[in-house]
Amino acid sequence: MTLDAADLTRLDRAHIIHPYLPGSATERVVMTSGSGCRLTDTEGRGYLDATGGLWLAQVGHGRTELADVAHEQMKKLEYFTSFWEFSNERAIELAARLASIAPDPLNHVYFTSGGSEGNEAAIKMARYHHHRRGESSRTWILARSKAYHGIGYGGGSATGFPLYHEGFAPMMPHVSHLTPPWPYRSELYGDRPLSPEQVTDFLIRELEERIAEIGARNIAAMIGEPIMGVGGMLVPPADYWPRVREVLDRHGILLIFDEVVTAYGRVGEWFAAQYFGVTPDIIVTAKGITSGYVPLGALLVGDHVAEVLLRDHGFPMGYTYNGHPVATAVATANLDIIEKEGLLARATSLGAFLHGELQAQLGELPIVGEIRSVGMMLAVELVQDRATRAPLPLDPDRMPHDVIRRETGVIVRDSAHSLVLSPPLVMTEAEAKEAASALRSVLERTEPSGEIRAA
Ligand code: PLP
């Protein structure tokens, strides 16, 4: 069956339930191919992918060497049998590799097929770890507003947006949300602006109070994205994570870093834990582990946690696809590319270049409140007034990121009131300039009312 572009749009509308897309939406962009940072749709239109797929295409699109690895592995062994008592070469190689790049003592790996599965496993692991140590009362999970931890009931409950909870109740009990670290939005912390250190003081005080309220002996773990992605690339003050770690340690509470977005080079290190100089007890990863070529996730687990989980009958939670041979083979090849092409260092240098371009092209626009970045995670905060920092009103039918894509072919995402960029780490400087110019071409026509004037 050969389907033309119109057929594909019609059949897509007839048969596919897309997340977050109303059935009434008529527009479909059906992608057919990709190479580097470029994508092409069925109409032959080209795009510049400044979001790295969904924040994961570290090595870029169209890497035939990864396709070859998948092909070879599928021919040799596509799947085996349960990961309970059987194993496979590719999963073992990858686990050892992950242990070698993770901060010590995170030497144990639990595989999943993605980030949501990973957070379910991490939350269960934290509770189960305490249970097995004889502290079954430790069931509470501390999280933050504006956090995104996927769509399971555990991670979804830890997610801190009402949108993800509405209509799905009851969510998992025993989850408590704290205030997120976001120095730009000082109104979160009272009615006067605070320095980043004062923001941390506020948040640490809140954390201590919350622990006292719930009772340390009832809390299993705190989960957090080191830099909050869906929340809008929110970068905490430098002392935030070290001080959180110190408080949690004092109370025997585990720290879970959800690094589904931040791991594997995105912030210029293998893990954001290394960027912040903090060692969590569990790191949840996915996305960039394979650059999206096949679905895979991996939890990196501290020796002290693993030792408890592995006692007696072991950790009673398994997925059909734990340690999938094809996915783990592709992941190892993907990490090889990141290493061979120096993409960790490139994330830092190119991120600084892209930040500079955004600053130069957008910095003076009245609706741009702040440009922030760590490595190749960047955000442009949109405001109606730079002095009051009031968020730019947005028209859901004419969002800046949609207009940018339609007019320029550059793909960026919206996140709350910011535009976020997380391009492949292989983006060229010319492409970085192109992305910044595309943003400028639309944002310079955007009024403080949110209206975007015609070109
Ligand atoms: N955690 C974070 C921080 C994420 O950004 C995401 C997805 O964007 C997830 C978890 C969920 O991952 P997945 O979509 O692979 O289930």
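None of the figures in this text is laboratory data; all of them are computed from the coordinates on show. Values in this document were obtained by computation on a predicted structure and should not be read as measured data. With ideal geometry, Cβ positions are generated from the backbone for all residues, glycine too; neighbour counts draw on all protein chains shown.
Points to keep in mind about this one:
- Ranked by how many other beta carbons lie within 10 Å on average, peptides 414-425, 84-95, 398-409 from highest: 414-425, 398-409, 84-95
- Shape of region 130-203, Cα gyration tensor, a/c cut at 1.5: oblate
- Charges were assigned to the Cβ only: +1 to each Lys and Arg, -1 to each Asp and Glu. The resulting dipole of region 127-184 about its Cα centre is roughly 260 debye.
- Computed magnitude of the charge dipole of the chain (debye, nearest 20; Cβ of K, R +1, Cβ of D, E -1): 400 debye
- The residues neighbouring residue 108, those whose beta-carbon lies less than 14 Å from its own, together hold a net charge of -2 under the Lys/Arg +1, Asp/Glu -1 convention.
- Net charge of neighbours whose Cβ lies under 10 Å from the Cβ of residue 36, counting Lys and Arg as +1 and Asp and Glu as -1: 0
- Cβ-defined net charge surrounding residue 121, 15 Å radius [Lys, Arg +1; Asp, Glu -1]: -3
- Radius of gyration and Dmax over the Cα atoms of region 155-246, both given in Å: 13.9, 38
- Measuring r between the beta carbons of residue 16 and residue 414 and using R0 = 22 Å, the FRET efficiency lands at 0.50.
- Computed [θ] at 222 nm, deg cm²/dmol, the chain (DSSP H ≥ 4; -39,500 (n - 2.57); rounded to nearest 500): -11500 deg cm²/dmol
- Length, then width, then depth: along the principal axes, the Cα atoms of region 242-348 run 41, 36, 17 Å.
- Three-way shape call for region 397-455 based on the alpha-carbon gyration tensor, with the a/c threshold at 1.5: prolate
- When you count the other C-beta atoms within 10 angstrom of each residue and take the mean per peptide, 374-383, 171-180 line up highest first as 374-383, 171-180.
- For residue 136 and residue 455, the FRET efficiency from 1/(1 + (r/R0)^6), where r spans their Cβ atoms and R0 equals 51 Å, is about 0.25.
- Shape category assigned to region 315-371 from the gyration tensor of Cα positions, a/c cut at 1.5: oblate
- When the Cα positions of 327, 44, 255 are compared along the charge dipole of the chain, 255 comes out farthest toward the positive end, with charges on each C-beta of Lys, Arg, Asp and Glu.
- R0 of 25 Å, Cβ-Cβ distance residue 174-residue 84: FRET efficiency to nearest 0.05: 0.30
- Two numbers describe the Cα atoms of region 66-340: Rg and Dmax, which are 18.7, 63 Å.
- Highest-first arrangement of 279-289, 123-133, where packing means the average Cβ count within 10 Å: 279-289, 123-133
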